Amino acid sequence: MESAFSDTSNQFLSFTLREESFAVDIFKVREVLDVTNLTKIPRMPPHLSGVINLRGSVVPVVDLGLKLGMPAIRKAVNTCIMIVEIRVEGEAAPVLMGVLTDAVQAVLDLNPADIEPVPKMGTNLNTDFIKGMGREQDRFLILLDLDRVLASEGEIALRGEVEQNPATAVA
């Protein structure tokens, strides 16, 4: 399993979505913000929660739980927005996206020996967005490939379907 993670670090940021544990490569995460007011964009998919003004740039924010087929987020005291960089196929520069999570937990060091391959769950199920299953003490973390999970939102941002007027986003 070591070769599947040769292009990533051994550090992952763990977080929860609807009481399930997930983690992403720490190098994908630029910063973690408290939830702010989101500007809703009409006619966007339900998982696209809106946009925020991040130091003058419009950044789309996705409810990652909804994107993964879970119920919508219920904002609470620990709810936050992870600002992540994703790579969109065919584009040289990364795209910034906000990801709503129920809570960010910790930065974890996972050795390749602590990462299991994605279990086979049937021929019709697409698990390409999962890099592996990280073992941390007595629990498993789902290691997400954010580039694959958020690719369609990155393409929307690049095509300019999200209005690029920072004055309309509320910080």
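Laboratory data are not the source of any read-out in this text; all were calculated from the coordinates shown. Because the structure is predicted, anything quoted here is derived from the model rather than measured. When we count neighbours, we look across all protein chains shown, and the Cβ atoms used for this are built from the backbone with ideal geometry, even at glycine.
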Work out how much length Glu89 to Arg55 would gain on full extension: take 0.36 nm times their residue separation and subtract the Cα-Cα distance, in nm to one decimal.
9.6 nm
What is the distance, in nm, between label points placed 7 Å from the Cα along the Cα-to-Cβ direction at Met70 and at Asn37?
2.8
Backbone HN-Hα couplings from phi across the range 14-22 [Karplus 6.51/-1.76/1.60, Hz, Gly and Pro as x]:
8, 7, 10, 9, 6, 6, 9, 9, 10
Amide H neighbours of Val35 under 5 Å, at least 5 residues apart or on other chains, H built in the peptide plane: list them.
Ile81
Sequence-distant residues sharing a close amide H with Asp145 (under 5 Å, placed H)
Ile130, Lys131
For the pair Ile26 and Ala103, how long in nm is the line joining their label points, each one 7 Å along Cα→Cβ?
2.1
How far apart, in nm, are two points set 7 Å out from the Cα along the Cα-to-Cβ line at Thr16 and at Gln137?
1.3
Let me spell out the model: positive unit charges on the Cβ of Lys and Arg, negative unit charges on the Cβ of Asp and Glu, origin at the Cα centre of the range 27-140. What dipole size does that give, in debye rounded to 20?
420
